[in-house]
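> First the structure, which I've put down as structure tokens, then a few questions once you've had a look.
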Amino acid sequence: MAQPATKTYKKRMIKDGDWAWAYAFIAVALVVYALFTAYPVVSAFLISFQEYKPLGSTYIGLDNYAETLRDDLFWKSIRNTIKYTVLTVPVNLLISFVIAILILPLRKRLQTTFKAVYYLPAVASGVTMSVVWLWIYDPLPEGILNQLIGFFGIHNQNWLGTSDTSMFSLVLMSWLSSHGTSIIIYLAALLGIDDSYYEAAELDGANFLQKLRYIVLPFLKPTTLFLLVTGVIGSFQVFQNAFLMTGGGPDNATTMVGLLIFNNAFKYFEFGEAAAQSLILTVIIATIALIQFKAFGKDVEY
Amino acid sequence: MKSRKKVLTSILATTLSLSVLAACGNNNNNNASPSASDSPSSGSPAASSAAPEAAKDTITALLPPISPKYQESIAQIEKDFNALYPNLTLKIEPAGWEDMTQKLDTQVNAGSPPDIAFIGSSSIPKYLEQGMLMDITDSVTPEMIADYNPAVTLDYMKSGAGLYGFPAYMVVHSIGGNKQYLEEAGVDWKKVQQEGWTYEQFREAIKSGAAGGKHYGFVFATAGVAARDYLTILAKNAGMADPFTKDLKFAYTSKNYLEVLKAVRQMIDDGSMPKELSSVDAGKRWNMFLTGQTMITGKGLATFENSAKANNAKLEANDGSAVKDSIKVDYIVLPVPTFAGAQPVSTTVIDGYVTFRGKKEPTAEHKANVAKAAYYLASGKVAAVTNNDLFASHITESAKAAAASLTIERSAENLAAVERMLTFATPPRPDIPAELSAKAIKLEDEVIIPKMQALLANEITPEKMYDEVMKAAVKEFGADGVVQD
Amino acid sequence: MALYKKTHANPLVRRARDGAIVFVLLLFALATLFPIYFMVISSFGDAVEAGAMNYTLWPGKFTLDSYKFFFDYSEYSLRWIWNSLIVAACVMVSNVVFAGMAGYAFSKIRFRGRNVLFAILLCAMMIPYQVTQVPLYILVVNTFEMENTYTAMIMPGLVTVFNVFLAKQFMSSIPTEIIESAKVEGCNQFRIFFRIIMPLSKTVLAVMAILTFMDSWNTFFWPLLVTNSMDMQTIQLGLKNFRFNSTTYFSPMMAGATVAALPMFILFFSLQKYFLQGVTVGAVKG
């Protein structure tokens, strides 16, 4: 990123005369957004103050919110979600970053192959993935992972079946299977760095680590911010894995907010409460995102 | 000026391309649009000017692939129905087996469910609570009711005074054993099939089944929400046929419940069941059965006999297509043992065609049409074919008659054992108010299942779990609303 | 790339380095590839219902029966893939164009309400879909009556906030001077976007295209809600038709999944060259 330009940019850049263009450019996005995102969100907001029934809801003020804040399970699921997020998002970012860097020096054909290889899991449907992972986590000694740890002399574990290991199992699954997207995005960003930067650095005698520190890291900041924010959002809404692998158990050790909201909205038809929980969740995520923008966004934006 | 004009053209261009996109989407759908505008359950008030007999109506039905053959014959079913009632159109919407509930729940939340959906009778209270079920008591004809044999099966679709659909079949969920292993362990399985057994006898049997250490005595799928199946199957045979007693008190606080919980732990601690039981899922337990890793498995369905036979045939063919490491097994249907001298009660699942309403009050005419369609699906030829596929018991005379020509190969002993279990099937409980049922379901999901998972994983004691259930039940139903013995 | 030294003094060192890297990457790839391997391997099994999960690393029998079964099973087997293609292609093209435009506007043009608007857009991403799905269903099916149409499947995904955000982050690193000089030469923003920004951003646009296509291809819940006949189902829905009450035709399902993965491979490898080259700003200037 062109650091020196950042400061002057603000004053000099894009004359106000172009605002009309800007609105034209975002017009479609905004229309689609208003219809298919904003409208449902506003509906959900209104529903959160109601005892929702398809044939006629009653307004109950803040009861749904009060109920949620009093609910132990809600807080437990928030704690679980935070634990999951803290354990997965930064690690996954690091893994993706390292892999992207490692792919870089390879010859083109190898690069292509590895990119495809790391993106491939996305083509397997969620059901296939869960079947395979259930097999990997088979609790009996012939399970794949149990055989692997048995190799190191560790006794076989009941991976998904006990409170101690079930969360870790979901985290491990995330570490090993969910970074195709981030790797590709990181690679795209890495390839966008102009060679002249490295050449200049080499003239100054910079070594590999110095180049990483002073060129690559600053340049990848916008990308990292993007992956971090979307990663946290995705992680806070995570639902599929817990739903397919553990159903939230054992003893709610893997009940995430996403799963809880799903259960409330559909299993128990407490749509009002589900809406209230969603909005509380949104406030939490938004706060975290804001912190990330403040911490990461300074010299990236405008 | 100039730049503004260009802005305008660019907006125009974008909207244009948008509408092209939209248009290309529409093209391919000419055939489906008329039915889409005919929103479900609204009936067709416009047609009321015509003679009542001939009024056209469309009935929508959300159906999962109940059996492989069922899915193939959807078009035929629609056509036959139309031939039977020329003024009526039956529109079947297919959806995946596990995903159907999600779709139905969204539609119910949106206030526009289909007219008919294929679901279990146990879900009736949930949808009734939302006010979205349609009572067809007034619309069914005496012939339809008379077709049900035993007549009591129709009661599973009732709640209070209302009838909310027609049941299609009844299946018993039980346990099943490996014939050879049972005999090696000295279990007289014929006698058990004919007379049942107590928990004490069962415990000994699985202990000797596991004695050699080569395989387990008993494995039940309990991973995730299947923990509920395991617990209720046992609880039914400990005097708690339903979550509520006859006088509508919550039953799972009785002393017998604690006995069941203790038994759950005992069987694992004996070494008769794997200590990793808490993460054995449905696929795993059947794999363990076929590969000879367990003597008895659960829950057992009638179709398992067929599954085992199919695998035996593959083993014989020796072409590598059989389940890896599997052995030849003969599947023996067994009843669930009884606890503390209680009467046996077999777990029965009644699935059927449940009738829904939309936001508008349905007309009497539309109701009658929906009832006709639901009955058509639940009886006669349609039911005969699916029930045979599933090894499920016919519950209508017309289905039995239609099935007479279809032969199925089943072991006589197993058939007799199933017939016997059907004689003490869980009775229908239309007297339990939907609201109470809904509360019990939530209590099960939020307290009982999580604690049961913990119990299976040896993280809490049976006593601790019992206390937790008691505490939650008293909180939900009051001290007077629960059984205290 | 010049992050690494282009030529080591000793070619052996370079060999060793690359070898080590490939080894590490392969090791890690094992875990990612395993599900795919399993999917493909299972698809060569017998086309019969699987009573039990068959836990095996190498099948005892290779047959193409399941592929035949998949295509013969329903007259719509191919139609499912076709439907998915239409939906995913429309969503992909529209996202590349419109999310790209919006991303450019948000990153490079100053206008009133920019930050607020962007914050509002982002917030929408944070609301769990379980809750917005019901109002959306009411809107699309009950109000617009678009049930069972491609439009209903495509419209909500035309522009996603994720893509706008992605485009914005990438385009913010395009040097502003380029846009400035283009303006001096009399280009309007429309021309700038299509003639300068799009070629400069082809890396991110290609990435966006792939991600959007795959995402749309894998979407399951929304098509489930808005379709109600077999001929309008997408492939992800179609695959579920092989699961029944108590049994699954597992091998045909995996055969279908393997067939369904092919268009994604093709897309991946055809777009691949765009983000291999990288973008050199200098090249555009010249």
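> Between the stretch B:335-400 and the stretch B:173-227, what's the alpha-carbon centroid distance in Å?
Comparing the Cα centres of the stretch B:335-400 and the stretch B:173-227, I get a distance of 31 Å.
> Relative contact order for the stretch A:69-297: what is it in percent, counting Cα pairs under 8 Å that are at least 6 residues apart?
That works out to 27 percent.
> When DSSP assigns beta bridges and you keep just the ones with both residues in the protein assembly as shown, what percent turn out antiparallel, to the nearest 5?
Antiparallel bridges: around 65 percent, rounded to the nearest 5.
> What would the Debye formula give as log10 I(q)/I(0) at q = 0.25, 0.29, 0.31 Å⁻¹ for the alpha-carbon point model of the stretch C:147-195, no solvent?
Listed by q, the Debye log ratios stand at -0.93, -1.03, -1.07.
> Report the equivalent ellipsoid semi-axes for chain C in whole Å, largest first, defined as the square roots of five times the eigenvalues of the gyration tensor built from alpha carbon atoms. Intermediate values should be presented prior to the final figure.
Details: eigenvalues 314, 193, 48 Å².
So the three semi-axes of chain C are 40, 31, 15 Å.
> Near the amide H of B:Met295, under 5 Å away, which other amide H atoms are found, from residues 5 or more places off or on another chain, if H is placed in the peptide plane?
Here the answer is B:Tyr216, B:Gly217, B:Phe218, since their amide H atoms fall under 5 Å of that of B:Met295.
> List A:Leu259, C:Leu224, A:Leu145 from most exposed to least, where exposure is judged by having the fewest other Cβ atoms within 10 Å.
Ordered by Cβ neighbours within 10 Å, fewest first: A:Leu145, C:Leu224, A:Leu259.
> Using the Cα centre of the stretch A:69-297 as the reference point, and only Cβ charges (+1 on K/R, -1 on D/E), how large is the resulting charge dipole? Debye, rounded to the nearest 20.
That gives a dipole near 300 debye.
> In debye, nearest 20: dipole of the stretch C:165-260 around its Cα centre with unit charges on the Cβ of K, R (+) and D, E (-)?
Details: 7 positive and 5 negative charges, 17 e Å.
Computed charge dipole of the stretch C:165-260: roughly 80 debye.
> Using helices alone, what [θ] at 222 nm do you get for chain A, with -39,500 (n - 2.57) per DSSP H run of 4 or more residues, divided over all residues and rounded to the nearest 500?
Helix-only estimate at 222 nm: -20000 deg cm²/dmol.
> Which value, in Å³ per residue, describes the convex hull spanned by the Cα atoms of chain B?
Each residue corresponds to 221 Å³ of Cα convex hull volume.
> Name the residue, out of A:Ala20, A:Ala289, A:Ala276, whose mean-square fluctuation peaks in a Gaussian network model built on chain A with Cα pairs under 10 Å.
Top of the fluctuation ranking is A:Ala20.
> What are the ³J(HN,Hα) couplings of the stretch A:184-201, residue after residue, when phi is run through the Karplus curve with 6.51, -1.76, 1.60 and θ = phi - 60°? Round to Hz, x for glycine and proline.
In residue order, the calculated couplings are 5, 5, 4, 4, 4, 5, 4, 6, x, 6, 5, 4, 4, 4, 5, 4, 4, 5 Hz.
> Here's a follow-up. With θ set to phi - 60°, apply the Karplus curve 6.51 cos²θ - 1.76 cosθ + 1.60 along the stretch B:256-262 and write out the HN-Hα couplings as whole Hz, x wherever there is a Gly or Pro.
Computed from phi, the couplings for the stretch B:256-262 are 4, 4, 4, 4, 4, 4, 5 Hz.
> Would you mind calculating the relative contact order of chain B from Cα pairs under 8 angstrom and at least 6 residues apart, reporting the percent as a whole number?
For chain B, the relative contact order is 25 percent.
> Which ³J(HN,Hα) values, rounded to whole Hz and listed in residue order, are derived for the stretch B:144-158 from phi using the Karplus coefficients 6.51, -1.76 and 1.60 in 6.51 cos²θ - 1.76 cosθ + 1.60 with θ = phi - 60°, glycine and proline given as x?
With the stated coefficients, the stretch B:144-158 comes to 4, 5, 5, 5, 6, 9, x, 4, 4, 4, 5, 5, 5, 8, 9 Hz.
> When every alpha-carbon pair in the protein assembly as shown is counted, what percent end up more than 44 Å apart?
39
> Can you list the residues, at least 5 places off or on another chain, whose amide H is less than 5 Å from the amide H of B:Thr338, using H built in the peptide plane?
HN-HN under 5 Å from B:Thr338: B:Trp197, B:Thr198, B:Tyr199.
> So which residue, out of C:Leu121, C:Leu57, C:Leu267, gets the largest mean-square fluctuation from a GNM of chain C using Cα contacts under 10 Å as springs?
Maximum fluctuation in the GNM of chain C, among the listed residues, is at C:Leu57.
> For the stretch A:104-230, build the charge dipole from Cβ charges (+1 Lys, Arg; -1 Asp, Glu) around the Cα centre, then report which of A:Ala206, A:Phe151, A:Ser169 sits farthest towards its positive end.
My answer, from the dipole projection, is A:Ala206.
> Another question about this same structure. Hey, fewest Cβ within 10 Å first, where do B:Asp445, B:Asp480, A:Asp18 land in order?
On the way: B:Asp445 17, B:Asp480 8, A:Asp18 24.
In increasing order of surrounding Cβ atoms, one gets B:Asp480, B:Asp445, A:Asp18.
> Normalise the Cα radius of gyration of the stretch B:264-305 by 2.2 N^0.38 Å (N = residues in it) and let me know the number.
On the way: Rg = 10.7 Å, N = 42, 2.2 N^0.38 = 9.1 Å.
Dividing the Cα Rg of the stretch B:264-305 by 2.2 N^0.38 Å gives 1.17.
> Among A:Trp19, A:Trp159, C:Trp58, rank each residue by its count of other Cβ atoms within 10 Å, from fewest to most, as a rough exposure measure. Spell out each step's value before the answer.
Details: A:Trp19 18, A:Trp159 27, C:Trp58 8.
Taking fewest neighbouring Cβ atoms as first place, the list is C:Trp58, A:Trp19, A:Trp159.
> With springs only between Cα atoms under 10 Å, which of A:Val131, A:Val216, A:Val28 fluctuates most in a Gaussian network model of chain A?
Taking springs between Cα atoms under 10 Å, the residue moving most is A:Val28.
> Plugging the Kirkwood radius over Cα pairs into Stokes-Einstein for the stretch B:76-153, at a temperature of 4 °C and a viscosity of 1.567 mPa s, what D comes out in µm²/s?
87
> Using Stokes-Einstein with the Kirkwood hydrodynamic radius over Cα pairs, what translational diffusion coefficient do you get for the stretch B:155-287 at 20 °C and a viscosity of 1.002 mPa s, in µm²/s rounded to a whole number?
On the way: Rh = 16.9 Å.
In µm²/s, the coefficient is 127.
> How much of the DSSP beta bridge set in chain B is antiparallel, as a percent to the nearest 5?
Working: 27 of 43 bridges.
Taking every DSSP beta bridge with both residues in chain B, the antiparallel ones total about 65 percent.
> Just the number: Rg to Rh for the stretch A:47-137, Cα atoms, Kirkwood Rh, two decimals.
Dividing the radius of gyration by the Kirkwood radius yields 1.24.
> Which aspartates and glutamates does A:Lys83 reach when only Cα atoms under 17 Å apart count, and residues fewer than 8 places away in its own chain are ignored?
Here the aspartates and glutamates satisfying the reach criterion relative to A:Lys83 are A:Asp72, A:Asp164, A:Asp251.
> Another one. Amide H neighbours of B:Val280 under 5 Å, at least 5 residues apart or on other chains, H built in the peptide plane: list them.
Amide H neighbours of B:Val280: B:Thr222, B:Ala223.
> Give the relative contact order (percent, whole number) for chain C; include only Cα pairs under 8 Å separated by 6+ residues.
31
> Here is a follow-up. About the Cα centre of the protein assembly as shown, what is the dipole size in debye to 20, counting +1 per Lys and Arg Cβ and -1 per Asp and Glu Cβ, all else neutral?
Around 5020 debye, computed over the protein assembly as shown.
> Run through every distinct alpha carbon pair of the stretch A:69-297 and return the Kirkwood hydrodynamic radius in angstroms, one decimal place. Could you put the intermediate results ahead of the total?
Details: mean 1/r = 0.0504 Å⁻¹.
For the stretch A:69-297, inverting the mean 1/r across all distinct Cα pairs yields 19.9 Å.
> Of all the Cα-Cα pairs you can form in the stretch C:210-261, what percent are over 16 Å apart? Let's see the in-between values first.
On the way: 615 of 1326 pairs.
The proportion of pairs with Cα distances above 16 Å equals 46 percent.
> Report the one residue of C:Asn218, B:Thr363, B:Pro125 whose Cα lies farthest in the direction of the positive end of the charge dipole of the protein assembly as shown (charges on C-beta: Lys and Arg +1, Asp and Glu -1; origin at the Cα centre).
Of the options given, the answer is C:Asn218.
> Let me ask something else about it. Considering only Cα-Cα distances, which of the following residue pairs are longer than 30 Å: B:Lys190/B:Lys400; B:Lys179/C:Lys240; B:Lys191/B:Lys464?
B:Lys179/C:Lys240; B:Lys191/B:Lys464
Bear in mind that the values in this text are calculations on the coordinates, not laboratory data. This one's a predicted model, so the numbers in the text were calculated from it and none came from an experiment. Glycine also receives a Cβ, built like all others from the backbone with ideal geometry; neighbour counts cover every protein chain displayed.
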